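Please read the structure below before turning to the comments.
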Amino acid sequence: MIADFSAPYALPRCKSKHSDLQGISPETVSNLIRGEYSEVIDNYVIVDCRYPYEYEGGHIQGAQNIYTKSDIFDRFMKSDEFTSKAVDSNKKNVIIFHCEFSSERGPKMCRYLRESDRKENADQYPRLTYPEIYILEGGYKAFYEHESSQCTPQTYKPMLHADHSQDLKHFRAKTKSMNGSRCNRRRMLRC
């Protein structure tokens, strides 16, 4: 059942390396983009949690580049733009998070949205504004390897790309300050 216990998941799930998150495969995301789940999915948002230089170096078609907690909160908790787009109340709105490998940044933002949603709806437990959120297993790297034709541009720029060492330092500092957290170097290299 989805997180508010109201219905089964709309998308096929795969085993996730994050036991608290629902994983979906690159193939499922590719099929979603192609419209293969249009009978059960009304709207979807793919949230690319990578840094802007990674996103600009290649991203999933239609993905939104949101990489700080404050931007996640503003986009999903302060605005009803996504939920108000629902046309068919029998269909679902889903959010898919990812980063380069979906090891650190994507899962962290996914958990943050779930936590914010739970707090926002605490008086109506188990109701959630976003009961169906997923993590793309393997991240952008796996998706690019599976379906580069659905990437714009059709390239892949890793976080540790040599041409972007200064950008990496800048965005790490920005996300640390905006997220209000401290992150050690060893953990950041896994994201």
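Values quoted throughout were computed directly from the atomic coordinates according to the rules given, and no laboratory measurement underlies them. Being a predicted model, the structure only gives us computed values, none of them experimental. No Cβ is skipped: glycine too gets one built from the backbone with ideal geometry, and neighbour counts run over all protein chains shown.
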statement: Links exceeding 19 Å between C-alpha atoms in this model, out of 17/108; 91/119; 69/176; 69/174, come to 91/119
query: Which of the listed residues, 66, 28, 8, is farthest toward the dipole's positive end in the chain, when Lys, Arg count +1 and Asp, Glu count -1 at the beta-carbon?
result: 66
query: Rg and Dmax of the chain over Cα atoms: what are they, in angstrom?
result: 16.2, 49
field: the chain: relative contact order as a whole-number percent, Cα under 8 Å and 6+ apart
entry: 29
query: Where the only charges are on Cβ atoms (+1 Lys, Arg; -1 Asp, Glu), what is the dipole of the chain about its Cα centre, to the nearest 20 debye?
result: 1040
message: Given the -39500 (n - 2.57) contribution per DSSP H run of 4+ residues, what per-residue ellipticity at 222 nm results for the chain, rounded to the nearest 500 deg cm²/dmol?
response: -9500 deg cm²/dmol
- prompt: Roughly how many whole Å is it from the C-alpha centroid of the range 4-33 to that of the range 114-161?
  reply: 10
